[in-house]
Amino acid sequence: MKTPNETGMNRTGIKTSPIDSRATEAGAEEGEPTSIGGESLMAAVRLELAQQADAVGSMPPPASLKGVAKSAMTVLKGESPTLLLNLLGERLAFERTGVRLYEAVIDKLPAFAADGGSARPTVADLRAIQEDELRHVDVVRRAIETLGGDPTAMTPAADLGGVSMSGVLQVACDPRAQLADSLHALLTAELVDNDGWELLIQLARGLGQEEIAQSFAQARDQEHLHLVRIRAWVMSQVMREAGVEESATLPAAT
Amino acid sequence: MTLDLTAQRGTPLPQQRFTWREIAGALPISKLDDDAFTRVRVILMNGIMSDALRFKHIANRLDGSLRVPLAEVRRVEQHMQTMINWLLPADQSPIETTIGYEQVAIEVTASVAQHEPDPYMAQLYRFGLLEDFDHLYRYSALLDRLEGKDANNILQSYTDIRPGRPTEVEHRAPVDDVRRHYDRKTAQPITRLHAITLFAGEYQTHDYYMHVGPLFSDPIARMLYAEIASIEEQHVTQYESMSDPTETLLEKWLLHEAAEVYNFWGCVQSESNKRLKAIWERFLDYELGQLAYVREIFERVEKRDAFSVLPRTLPTPIDYSSQRKFVRDVLEKEVNFRAVGTEIVPLAAEKPGSPSVRYREHINSEGSPSQIVAANYQWRPGGELIEQAAVQATVH
């Protein structure tokens, strides 16, 4: 199997064909732009539309009477209960996608078996992380229901979070993405996930939702461990392939 | 080398079968390693097959007696098109694919313009060519300014990135997009095959931009796709009107199959990727089988020899190589041309207050996305930021 670090026939750079690329450069220099103003024209349109635009959508109304009561109480305190529900919706969506993301990498893992070494993750390693992500789905669902929200609704933050994650998922699912590429995709997700949990805990505490904050602490600690492990595997993959000795030791699984 | 159509029966239609793994399970081409002309062929052939389906659906609405044979051929072509289009890789973003589409429009049209024996038709190809050439420049600016990427990674230095006839002035009143058609009794076969190839290519480009335009979040990207899709619609109008409306439906079907054979045959001869070459060879045989199938229907229904319509041997195939020199010559001589009615005319012949001028003044009155996106844009290797960063580093 061809690996991405082997020299092949990559034709994208100008050095692939010096004669053709010189002609392309000369052609570009000859061609005068037909409008002036540079990127400021694009910036003006972006600003104008951003000033006019509404959000991608809104939060659903409270799903239960209990929810209405809770919302009313919190609003009286001058806080925004829907902000918390919006971010909880994002976390729930992220964790659901996270389970699928790990599945995509786990399914391909045996294809990368040949390069060996103890530093690469096993199916069991990734499965353990995936099971944590699945548990987190339930933790967030319960929190949303506690606040009277509807865990099946796609909140605005969940929607845009999904857009952010779409590239990560594309890489993980691509049969041509190698182990290092796939781990890099997982690392991107874990970095965001770690901050997501931390933010939720701080916010829940600030809004007086101590019970919810406490229920998230274990998830945050687990996510931190995921990040440490994925980061180490990424490092190890790259270093081993480069023939460089690693200074750090890998953390043990819990 | 040529292909004698009278001697070819191809793969019989009932043997033209697929499995889902064949249709959609093959790995795509490499955006990085495959030659840009491999991508050009994939995009063009997707367009040809997409028009094969489109034509047959319209025919289906017009002639009840042909519905079953149309459906038989269409089913195979549906799967052929899928297999071709699925060769494009997922790491190729919609704008990168767009750059590929414009490279098709430039290099294929330039080759066609040089091989077209009818001087009026050749003029129309050169006219359209300079407009697509400008689109490439505008989309390259978008790719750079939106994603920080270099369009030449896709073009591989085969195609210039510089303004053509500015998109802003390509907007015309509908009356100035309709052209004269070739005469079915006197036109050479290549003229008819070229017209089908070009309107198929332009139609899919239009449909692609209409499909991907709303996928962008950036306002200028959305507006640029809308603006250029409008020109592609004009191009479809231009190229479609080359076709003689007095051709019978069956004659048009026969010619469309011949255009498919002609184009797969051209791909077989030029393909550098062995895996794709095998696909083109298989599909050439499939198309020859479909042509034989339609020939039989044509001769039975119209009671005339199919070769009174078809060429006995295939004409010179499309030249899949950089047409830079030709494009530059045309750019130099014809960039200021305009269309008035069916004719291509010098700039001065387009009078103030004419339908196209009035149309253009209104549609551009709140700004032109193509001018906004490319303001002061000149392509540089690696994109304009490489140079800006180097200048900044020198200053600090």
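Exactly one residue out of A:Ile129, A:Ile106 is touching a His at 6+ places or on another chain (Cβ under 6 Å), among the β-branched types (Val, Ile, Thr) and part of a helix (DSSP H, G or I): that is A:Ile129.
Within segment B:18-30, residues that are over 22 Å from B:Gln156 (Cα atoms) and within 13 Å of another protein chain (Cβ to nearest Cβ) have Cβ atoms under 6 Å from residues that are in a loop (DSSP other than H, G, I, E, B) and modelled with pLDDT of 95 or more in these pairs: B:Ala24/B:Trp86, counting only partners at least 6 apart in sequence or on another chain. Checked across segment A:166-175, the condition of being surrounded by 14 or more Cβ atoms within 10 Å (Cβ to Cβ) and either in contact with a Cys (Cβ under 9 Å, 6 or more places away or on another chain) or away from chain B (no Cβ under 14 Å) (or both) holds for no residue.
Among the residues making up segment B:32-79, those that are assigned to a helix (DSSP H, G or I) and within 14 Å of chain A (Cβ to nearest Cβ) are B:Ala36, B:Phe37, B:Thr38, B:Arg39, B:Val40. The residues of segment A:1-17 that are more than 7 Å from chain B (Cβ to nearest Cβ), free of Cβ contacts under 8 Å to residues at least 60 places away in the same chain and within 33 Å of the chain's Cα centre (by Cα), listed by number, are A:Lys2, A:Glu6, A:Thr7, A:Gly13. Check segment B:299-317 and report whether any residue there is away from chain A (no Cβ under 14 Å), at positive phi and not charged (D, E, K, R). Looking through segment B:299-317, none of the residues is away from chain A (no Cβ under 14 Å), at positive phi and not charged (D, E, K, R). Restricting segment B:208-219 to residues that are buried (at least 17 other Cβ atoms within 10 Å of the Cβ) and part of a helix (DSSP H, G or I), the residue that is nearest to the other protein chains (Cβ to nearest Cβ) is B:Pro219. Scanning segment A:42-53 for residues being in contact with a Lys or Arg (Cβ under 8 Å, 6 or more places away or on another chain) and either of a type in the set (Phe, Trp, Tyr) or more than 7 Å from chain B (Cβ to nearest Cβ) (or both) gives a total of 0. Of all residues in segment B:162-177, those that are under 20 Å from the mean Cα position of the chain (by Cα) and within 14 Å of B:Ile372 (Cα to Cα) total 3. Would it be correct to say that A:Arg100 is under 17 Å from the mean Cα position of the chain (by Cα), surrounded by fewer than 18 Cβ atoms within 10 Å (Cβ to Cβ) and either without any contact (Cβ under 8 Å) to a residue 24 or more places away in the chain or assigned to a helix (DSSP H, G or I) (or both)? Against the criterion (under 17 Å from the mean Cα position of the chain (by Cα), surrounded by fewer than 18 Cβ atoms within 10 Å (Cβ to Cβ) and either without any contact (Cβ under 8 Å) to a residue 24 or more places away in the chain or assigned to a helix (DSSP H, G or I) (or both)), A:Arg100 qualifies. Every test in (1) of a type in the set (S, T, N, Q); (2) touching a strand residue (DSSP E or B) at 6+ places or on another chain (Cβ under 7 Å); (3) crowded, with 24+ Cβ neighbours inside 10 Å is passed by B:Asn152 save one, and that test is (2). If I filter segment A:18-41 down to residues being outside any helix (DSSP H, G or I) and touching a Lys or Arg at 6+ places or on another chain (Cβ under 8 Å), which single residue comes out as farthest from the other protein chains (Cβ to nearest Cβ)? Ranking the qualifying residues of segment A:18-41, first place goes to A:Glu39.
The values are calculated or read from the model by the stated rules, or taken from the named source; none is laboratory data. Remember, it's a predicted structure, so these values are computed and weren't measured experimentally. When we count neighbours, we look across all protein chains shown, and the Cβ atoms used for this are built from the backbone with ideal geometry, even at glycine.
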